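Heads up: the structure comes next, in structure tokens.
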Amino acid sequence: MKQDMIVLLDLGSTQNTVLARAIRALGVYSEIHPHDITPAQLRALPNVKGIVLFGGENRCVDGVDVDVDPALYDLGLPVFAIDHPAAKCENLPAMPDEAWLRKWLFETCHAEANWNMKNFIADQIERVRAQVGKGKVLLALSGGVDSSVVAALLVKAVGKQLTCVHVNHGLMRKDESELVCKVFGAHLGANLVYCDCTDRFLDKLAGVADPEAKRKIIGSEFIRVFEEEARKLDGIAFLGQGTIYPDIVESGTKTAKMVKSHHNVGGLPPDLQFKLVEPLLQLFKDEVRACGVELGLPPEMVYRQPFPGPGLGVRCLGAITRDRLAALRASDAILREEIEKAGLGIWQYFTVIPDTRATGVKHNARAWDWPVIIRCVNTVDAMTAEVPEVPWPVLRRITDRILAEVPGVCRVCYELSPKPCATIEWE
Ligand code: XMP
């Protein structure tokens, strides 16, 4: 193993991630583990140099007081506790300052500042190989940042023992599935099963206008396709997942028990008994991107905008039709191209197509075509969002191109609503 590690035990403090990041910022890798880790499990982790107990104010998970196994204090590792009265070691009143933390890491724990992406990847490859042995691994590769990065890492770790399944639900953006096939099939030489299920999804969605019903159909059909593909493959023992640390935090708890339920791949049938392989579990989003860059993934994959699982399905408002979906995809591609060219650094931008026609005039004749709405937002965490001022010439160029190049569209609108009152997506 290349990196030293500090283990931070999760006792319910909301500041865990802040501290984990502070330790990593000093060049030492840190992992957050559940408070009820056993001494044997902790001893099995590689290169642990010290343990942090972070009680915080609650020290309480799901309404129950939690504590750690006192045997953890006897492993011969430095333990440092913040706000944790049960610890029989150095106590500090509040978050340690950087100088104190530095002293503890390098003088007490004798940790080396050897955390970087190269070493992280090398260590995770070793850990994945140890876990998987000669077993086969299956991965649902959506083309999103997390699943792409985990796929690239698993290809490096286990090569042909990995099979990636890319389900194209027909609601991807322009050229997205092609990029996945090019990067993973052609470039990285992964075993890639590509399922073009466009007709299957669009047929199921035909006439369904309710947003929740649409999401449910897309979600459950996705799992069904994935399950069918998994059954065709023999002897798969492991399921790769691009779960990252914020996924666990956002699921609303930090206990081991809830972590498992979060990882339960919502809805995969119980008779598909996979063990999970999740090498990105301890990373934050920016670190996942850095990992992708280090693994050689193209920037358009690593710096991809957030994209809803139901894809363009939630931007083709009301009942999805093929003509409007085509207009949405084409206008979205033009918008992306022009905003990127203008270098405006906008956080998220896409087009939306309503299911209401509007009057237009084209080629000296009355037209009865679709409007397209441009949605641009800046935000830090997607909880609130502001609408940026896109320069007029850029908006005009986007409008001209959409009207000239996208059949069936006669109007382009720019949306001005912040979040709140509006959400970022329309459905
Ligand atoms: P809203 O519309 O709730 O969106 O303001 C906030 C952010 O989340 C993205 N989003 C989704 N992402 N699955 C996802 O993975 C979804 O179903 C989904 N819905 C919204 C949205 O694009 C925005 O960045």
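See the values below:
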| quantity | calculated |
| --- | --- |
| Selection count where residues are surrounded by fewer than 16 Cβ atoms within 10 Å (Cβ to Cβ) and basic (Lys, Arg), scope the stretch 322-333 | 1 |
| Unique residue being under 22 Å from residue 360 (Cα atoms) and within 16 Å of the ligand (Cβ to nearest atom) when the list is 386, 415 | 415 |
| Residue among 162, 141 that is closer than 30 Å to residue 319 by Cβ and open to solvent by less than 20 Å² (accessible area, probe 1.4 Å) | 141 |
| Cβ pairs under 9 Å, 6+ apart, first in the stretch 300-317 and more than 22 Å from residue 371 (Cβ to Cβ) and within 9 Å of the ligand (Cβ to nearest atom), second open to solvent by 40 Å² or more (accessible area, probe 1.4 Å) and of a type outside the set (A, V, I, L, M) | 305/336; 305/347; 306/347; 307/142; 309/142; 309/215; 309/222 |
| Qualifying residue in the stretch 407-417 (condition: farther than 15 Å from residue 328 by Cα, among the β-branched types (Val, Ile, Thr) and in contact (Cβ under 8 Å) with a residue 40 or more places away in the chain) | no |
| Matching residues, the stretch 1-21, being buried (at least 17 other Cβ atoms within 10 Å of the Cβ) and closer than 18 Å to residue 105 by Cβ | 2, 3, 4, 5, 6, 7, 8, 9, 16, 17, 19, 20 |
| Only listed residue being modelled with pLDDT under 85 and open to solvent by 20 Å² or more (accessible area, probe 1.4 Å), chosen from 78, 46, 93 | 93 |
| Test: residue 424 is surrounded by 12 or more Cβ atoms within 10 Å (Cβ to Cβ) and away from the ligand (no atom under 16 Å from the Cβ) | no |
| Filtered residue count, the stretch 275-321, keeping only those that are more than 20 Å from residue 212 (Cα to Cα) and either open to solvent by 10 Å² or more (accessible area, probe 1.4 Å) or not in a helix (DSSP H, G or I) (or both) | 26 |
| Some residue of the stretch 204-213 being open to solvent by less than 40 Å² (accessible area, probe 1.4 Å) and not in a helix (DSSP H, G or I) | yes |
| Flag if residue 219 is open to solvent by 30 Å² or more (accessible area, probe 1.4 Å) and over 24 Å from residue 305 (Cα atoms) | no |
| Search result, residues across the stretch 356-372 that are within 19 Å of residue 396 (Cα to Cα) and either of a type in the set (Asp, Glu) or open to solvent by 80 Å² or more (accessible area, probe 1.4 Å) (or both) | 361 |
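Residue-wise test of (1) over 22 Å from residue 211 (Cα atoms); (2) more than 16 Å from the ligand (Cβ to nearest atom).
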residue: 327; (1), (2): no, yes
residue: 349; (1), (2): no, no
residue: 366; (1), (2): yes, yes
residue: 370; (1), (2): no, yes
residue: 373; (1), (2): no, no
residue: 394; (1), (2): yes, yes
residue: 401; (1), (2): yes, yes
residue: 406; (1), (2): yes, yes
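Conditions (1) hydroxyl-bearing (Ser, Thr, Tyr); (2) at pLDDT below 95; (3) surrounded by fewer than 16 Cβ atoms within 10 Å (Cβ to Cβ); (4) farther than 18 Å from residue 315 by Cα, marked per residue:
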residue	(1), (2), (3), (4)
335	no, no, no, no
343	no, no, yes, yes
354	no, no, no, no
374	no, no, no, no
382	no, yes, yes, no
396	no, no, yes, yes
401	no, no, no, yes
408	no, no, no, no
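The values are calculated or read from the model by the stated rules, or taken from the named source; none is laboratory data. A quick note: this is a predicted structure, and the numbers were derived from the prediction, not measured. Glycine also receives a Cβ, built like all others from the backbone with ideal geometry; neighbour counts cover every protein chain displayed. For accessibility, only protein heavy atoms count, side chains too; no ligands or nucleic acids. Shrake-Rupley method; radii C 1.70, N 1.55, O 1.52, S 1.80 Å.
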